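Worksheet for the structure shown next.
The values are calculated or read from the model by the stated rules, or taken from the named source; none is laboratory data. None of the values given here were measured: they were computed from a predicted structure. Note that each Cβ is placed from the backbone with ideal geometry, even for glycine, and that neighbours are counted across all protein chains shown.
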Amino acid sequence: MTRPLDNRVSIVTGAGRGIGRAVSLALASAGASIVLAARTTAQLEQVQAEVGQQGGTALAVQTDVTDPASVQRLVDSTLDRFDRVDVLINNAGSNDGGPDGAVGELWNVNPDAWWHDVEVNLRGTFLCSRAVLDHMVTAGRGHIVNVVSTAAAIPGPYDSAYACSKAAVIRLTDSLAEEVRDHGVCVFALSPGSVDTELRAGAVESPAGRKWLTRVNPNPEWVPAERPAEMVLALVSGPADGLTGRLISVEWDLDQLAGRAQEIAERDLLQLRLTGP
């Protein structure tokens with residue numbers, strides 16, 4: 001039986017845990033070979049074993065997405081092993097709520113920690129996208145999904161590095177989508193909802209997070225990591241290509257949105273836009 005991603009190769013960053021792990025398993029189950037990228041080798045090897053247990057193929061590559069040389073090694077390793085790259089999931093993220101971190105009043109947070117969040121979330125997305133696009137453009141096909149956050153579309157008091165960087169990724173998404181539209185490459189921003197990941201816990205459940213962030217969204221509606229993973233699979237499978245450049249939420253009906261793709265494009269919906277009074 002043919003699966004939707006048979007013979008495709010997918011790179012997933014932040015693949016060692018949380019959403020990245022769930023995405024990797026979902027794409028592998030759909031037939032893709034998976035290149036797992038993250039900083040922690042032990043976590044990558046665990047997910048690699050899980051992919052193998054369900055009959056899939058995975059390559060683990062320890063990667064720092066803020067380092068151009070490390071990102072290039074990731075892509076080179078992918079091409080050496082599989083000779084192609086069809087899908088990139090930019091999921092690696094940072095939200096430093098630790099001591100001397102980026103959570104809190106802007107005038108009191110550590111500027112280096114604040115900027116590090118931006119580097120992981122925005123620079124990492126840029127570097128990974130840049131590294132794969134030459135191959136995707138040459139091949140005339142490809143899908144990139146940038147995992148963002150609801151924090152990108154609303155004010156992010158006391159968590160401004162995370163909110164600003166994720167909003168910037170949305171603008172990178174629609175800008176890049178216009179550049180590569182005629183080259184057969186689709187780019188999406190995905191808001192995954194409130195997933196109870198280690199990244200979230202490290203920010204919200206830290207002393208700084210308990211002081212500043214629980215007042216912003218004290219009772220989130222939790223979303224299992226498998227839900228954004230299912231949406232990623234749907235986005236890279238093809239039927240929603242008409243929505244390239246758009247911000248998609250896991251809460252929405254993707255089939256219904258795909259059927260309205262022309263209307264959404266004509267009305268300039270599902271993007272960050274300045275509206276008049």
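Examine region 47-55 for a residue that is surrounded by 24 or more Cβ atoms within 10 Å (Cβ to Cβ), in contact (Cβ under 8 Å) with a residue 24 or more places away in the chain and within 21 Å of Val132 (Cα to Cα), and state whether such a residue exists. Looking through region 47-55, none of the residues is surrounded by 24 or more Cβ atoms within 10 Å (Cβ to Cβ), in contact (Cβ under 8 Å) with a residue 24 or more places away in the chain and within 21 Å of Val132 (Cα to Cα).
Only one of these conditions is not met by Asp76: (1) farther than 19 Å from Met136 by Cα; (2) free of Cβ contacts under 8 Å to residues at least 12 places away in the same chain. Which number is it? (1) is the only condition that Asp76 fails. Here Val85, Val35 are screened, and the one residue that is outside any helix (DSSP H, G or I), free of Cβ contacts under 8 Å to residues at least 60 places away in the same chain, of a type in the set (A, V, I, L, M, F, W, C) and closer than 19 Å to Ile144 by Cα is Val35. If you scan region 158-196, which residues turn out to be within 26 Å of Arg210 (Cα to Cα) and outside any helix (DSSP H, G or I)? Once the filter is applied, which keeps residues that are within 26 Å of Arg210 (Cα to Cα) and outside any helix (DSSP H, G or I), region 158-196 yields Tyr158, Asp159, Ser191, Pro192, Gly193, Ser194, Val195, Asp196.
Looking at (1) within 18 Å of the chain's Cα centre (by Cα); (2) surrounded by fewer than 19 Cβ atoms within 10 Å (Cβ to Cβ); (3) in contact (Cβ under 8 Å) with a residue 12 or more places away in the chain, which is the one condition that is false for Cys128? Status for Cys128: all satisfied but (2).
Cβ-Cβ contacts under 7 Å between residues 6 or more apart (or on different chains), taken from a first residue in region 1-23 that is on the phi > 0 side of the Ramachandran plot to a second residue that is among the hydrophobic types (A, V, I, L, M, F, W, C), are listed as Gly14/Ala38; Gly14/Ala92; Gly18/Val195; Gly18/Leu199; Gly18/Ala225. Within region 229-244, being crowded, with 22+ Cβ neighbours inside 10 Å and over 18 Å from Val195 (Cβ atoms) holds for Val236, Ala240, Leu243, Thr244. Would you confirm whether any residue within region 39-56 is basic (Lys, Arg) and over 30 Å from Trp212 (Cα atoms)? No, there is no match, as no residue in region 39-56 is basic (Lys, Arg) and over 30 Å from Trp212 (Cα atoms). Of all residues assigned to region 212-225, none qualifies as being assigned to a helix (DSSP H, G or I), of a type in the set (Lys, Arg) and modelled with pLDDT under 95.
Looking across Asp196, Asp134, Asp241, one residue alone is among the charged types (D, E, K, R) and farther than 28 Å from Val71 by Cβ. It is Asp196. Checking each residue in region 88-103 for being in a loop (DSSP other than H, G, I, E, B) and surrounded by 22 or more Cβ atoms within 10 Å (Cβ to Cβ) picks out Asn91, Ala92, Gly93, Ser94, Asn95, Asp96, Gly97, Gly101, Ala102, Val103.
Residues satisfying the criterion are absent from region 142-157 (criterion: crowded, with 24+ Cβ neighbours inside 10 Å and in a helix (DSSP H, G or I)). Among the residues of region 115-122, none qualifies, meaning not one is of a type in the set (Phe, Trp, Tyr), surrounded by fewer than 22 Cβ atoms within 10 Å (Cβ to Cβ) and either outside any helix (DSSP H, G or I) or touching a Leu at 6+ places or on another chain (Cβ under 8 Å) (or both).
The condition (being of a type in the set (Phe, Trp, Tyr) and under 16 Å from Ala189 (Cβ atoms)) is satisfied by just one residue among Tyr158, Tyr162: Tyr162.
The residues in region 56-71 that are surrounded by fewer than 21 Cβ atoms within 10 Å (Cβ to Cβ) and in a helix (DSSP H, G or I) can be counted, and the count is 3. A single entry from Val87, Val23, Val71 fulfils the requirement of being more than 23 Å from Met1 (Cα to Cα), among the β-branched types (Val, Ile, Thr) and either touching a His at 6+ places or on another chain (Cβ under 7 Å) or at pLDDT 95 or above (or both): Val71.
From the list Val195, Val236, the one residue that fits, being modelled with pLDDT under 90, of a type outside the set (Ser, Thr, Tyr) and in contact with a Phe, Trp or Tyr (Cβ under 9 Å, 6 or more places away or on another chain), is Val195.
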